[in-house]
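These notes are about the structure you will find just below.
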Amino acid sequence: MIAKDEIKEYLFDTIGFRCYEEKTALDIAASNIMMYSAARILDAGCSVILDNNFEDRNMDNLKKLVAGHPCNVVTVRFNCDIEEAYRRFVLRDKDPSRHPGHVLNTCYPPVEGVEDETKYMTMEKYAEKYRRRGTMVFSFGKLLEVDATDFNSVSYVDIMRQLETLLVRG
């Protein structure tokens, strides 16, 4: 399994960023590293899981990956209503265990006296961002959609059964 956020955290700690545009460049670099690593894993004849909030801009790279490595592809999309997603976004960014490179947008490592200009996104901006990027409707290959409005009602056993059906029995 390759988690893009882990790659981003490594890039944040190694390179850092001085503006939102540089942070975006690190995000793109993390996506490219994830795709490169996935291709090498598939070259070796192994399976791979990509952990990411995929969006429309990822589609071309995924198509190239699969074109060079024919395989079964399933998108597992965890969805909930936009208000709940925003609530979780705000709580996650306030969690002290969250890597600060994900939270900050102006610079990382933080510079004393420099206020992060985009610290708190409004619900409206959040919703627009994810609609514009296609994140909430992204799908590549077969789709397994999971209602994650209430995590306590999510059955991971059922998800695994559905994945087995989609991947093995197709």
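The values are calculated or read from the model by the stated rules, or taken from the named source; none is laboratory data. Please read all numbers here as calculations on a predicted model, not as lab measurements. Methodologically, a virtual Cβ is constructed for each residue, glycine included, from the backbone with ideal geometry; neighbour enumeration extends over all protein chains shown.
When residues in the stretch 49-106 are screened for being aliphatic (A, V, I, L, M), modelled with pLDDT of 95 or more and not in a helix (DSSP H, G or I), 5 of them pass.
Going by the conditions given, is residue 25 under 16 Å from the mean Cα position of the chain (by Cα) and exposed (fewer than 15 other Cβ atoms within 10 Å of the Cβ)? Here the answer is yes, as residue 25 does meet what is asked. A search for C-beta distances below 7 Å between a residue of the stretch 14-42 that is over 20 Å from residue 121 (Cβ atoms) and any residue that is of a type in the set (Ser, Thr, Tyr) and surrounded by 14 or more Cβ atoms within 10 Å (Cβ to Cβ), counting only pairs 6+ apart in sequence or on different chains, returns 16/108.
Given 144, 166, which one is within 13 Å of residue 77 (Cα to Cα), surrounded by 14 or more Cβ atoms within 10 Å (Cβ to Cβ) and either in contact (Cβ under 8 Å) with a residue 40 or more places away in the chain or not small (Gly, Ala, Ser) (or both)?
Numbers: 166 fails: within 13 Å of residue 77 (Cα to Cα).
One residue alone meets the criteria, 144.
Of the residues making up the stretch 118-148, those that are hydroxyl-bearing (Ser, Thr, Tyr) and at pLDDT 95 or above number 1.
One residue alone among 63, 4 is within 22 Å of residue 136 (Cβ to Cβ) and crowded, with 17+ Cβ neighbours inside 10 Å, and that residue is 4.
Candidates 81, 51: the one that is out of contact with any strand residue (DSSP E or B) (no Cβ under 9 Å at 6 or more places or on another chain) and closer than 29 Å to residue 122 by Cα is 81. The sole residue among 131, 87, 98 that is among the charged types (D, E, K, R), without any contact (Cβ under 8 Å) to a residue 40 or more places away in the chain and under 19 Å from residue 6 (Cβ atoms) is 98.
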